[in-house]
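The next block holds one structure in the form of C-alpha cells; read it before the comments.
The values are calculated or read from the model by the stated rules, or taken from the named source; none is laboratory data. The shown structure was predicted, so the numbers you read here are calculated from the model rather than taken from an experiment. We place every Cβ from the backbone using ideal geometry, glycine too, and count neighbours over all the protein chains shown.
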Amino acid sequence: MRRLFLVCSLALAPLSPATADEIWQGLESGDLVVLETTGPLATFLKKATGSRLTHIGIMRNTGGGPYVIDATPQEGVFEADIEDFVARGSGGHYAVYRLEGLEHPAHENHPAIKAAYDHHYMKPYDPFFRRETSAFYDAELVWTAYAEAGVELGKFRRLRDLGADTPEGRAVFLHEWRNNPDCKSSASAGIEACWQRILDTEIITPASILDDPRLRRVYSTFPGER
C-alpha cells in the first residue's frame, strides 16, 4: 500500500476518489469509516434514516498500513485493508468520524479496537439483527466495541419505528424467517406472526451512531452533505 498523507486544511473538503487515495496516513486508530453501499439492506437504511451512509467499521493503524474491522455477511467479524474496505462503497467514496477523549497508553490499542478484537473477532454475521453478542452486523459491532470501551454511541430503535413494514423492510428482515430465533417458538403461526415479532426488534444504524454529538467528521469524499 502506498504511504499517504492527510492534509488537515482539506479535512472536510469533498474530494474525488482519486484524490482521496492520498489521505490514509493521517487517520487515527479508532476512527469510524463509513460507506454508502447498495443492496436491500442499504435501500432500507437510506429510506429509514435519510442518510446515504449505510455501512460502518473501525479503523486501526498497523505496521502494514490501515485496516478496518467490521461485520459482513461474507466473513462475519473480520478486518480488511482500508483500500479493500473503501472499494465496497459506491463510487469509492467514504467519510471518517472521530470520538475524542478515549485515553489509553501509547503502547496499547485504542479501547474500542481492543474490545472488538479481544471479545468479538471472527464471530459470525447476524442476519436477524438481534441485540446479543454471539453474532454481529456492522453497526452493532461498532456500538458494542465502543460501549465496552465506556461510550455508547447513538440509540437503538425498533424496526417498527423505523418504518420497516414496507416491501424493502420485509425483503431484509423476513429473509430466512423460519430460522430467526425470535420466531422459532411461533413458526407454526406463520410468517405474519413472525413479522410482528420482528418489527419489535431494536437495531442500531450507522446513521444513528454518526448523529451522536460527541462524534465529529474529520474527512469526507462525498459531494455535499450526507
- Odd one out for ALA115, checked against (1) out of contact with any Asp or Glu (no Cβ under 6 Å at 6 or more places or on another chain); (2) in contact (Cβ under 8 Å) with a residue 12 or more places away in the chain; (3) assigned to a helix (DSSP H, G or I); (4) not hydroxyl-bearing (Ser, Thr, Tyr): (1)
- Task: Collect the residues in the range 33-76 that are touching a Ser or Thr at 6+ places or on another chain (Cβ under 6 Å) and assigned to a helix (DSSP H, G or I), keeping them in residue-number order.
- Result: ALA42, LEU45, THR49
- Note on the structure: By residue number, the members of the range 164-178 that are exposed (fewer than 15 other Cβ atoms within 10 Å of the Cβ) and either assigned by TED's automatic domain parsing to the domain that holds ARG98 or within 28 Å of ALA116 (Cα to Cα) (or both) are HIS175, GLU176
- Message: Quick check on TYR146: is it crowded, with 20+ Cβ neighbours inside 10 Å and out of contact with any helix residue (DSSP H, G or I) (no Cβ under 8 Å at 6 or more places or on another chain)?
- Response: no
- Message: Return the residues of the range 153-176 that are touching a residue at least 40 places away in the same chain (Cβ under 8 Å) and of a type in the set (Asp, Glu); say none if nothing qualifies.
- Response: GLU168, GLU176
- Message: Which pairs turn up if I take residues in the range 209-223 that are touching a residue at least 40 places away in the same chain (Cβ under 8 Å) and surrounded by fewer than 21 Cβ atoms within 10 Å (Cβ to Cβ) and look for partners that are of a type in the set (Gly, Ala, Ser) and part of a loop (DSSP other than H, G, I, E, B) with beta carbon separation below 6 Å, at least 6 apart in sequence or on another chain?
- Response: ASP212/GLY154; VAL218/ALA11
- Message: Looking at (1) in a loop (DSSP other than H, G, I, E, B); (2) among the polar types (S, T, N, Q); (3) touching a residue at least 24 places away in the same chain (Cβ under 8 Å), which one does THR144 not meet, given that it meets all the others?
- Response: (1)
- Message: Considering only residues that are modelled with pLDDT of 95 or more and over 12 Å from the mean Cα position of the chain (by Cα), which ones fall in the range 49-62?
- Response: THR49, GLY50, SER51, ARG52
- Query: Among the residues of the range 198-226, which ones are under 24 Å from ALA42 (Cβ atoms), modelled with pLDDT of 90 or more and among the charged types (D, E, K, R)?
  - Reply: ASP200, GLU202, ASP211, ASP212, ARG217
- From ASP161, ASP182, which residue is under 19 Å from GLY50 (Cα atoms), surrounded by fewer than 19 Cβ atoms within 10 Å (Cβ to Cβ) and either among the charged types (D, E, K, R) or modelled with pLDDT of 90 or more (or both)? ASP161
- When the range 112-134 is checked residue by residue, the ones that are under 21 Å from ARG170 (Cα atoms), among the hydrophobic types (A, V, I, L, M, F, W, C) and under 15 Å from the mean Cα position of the chain (by Cα) are PHE129
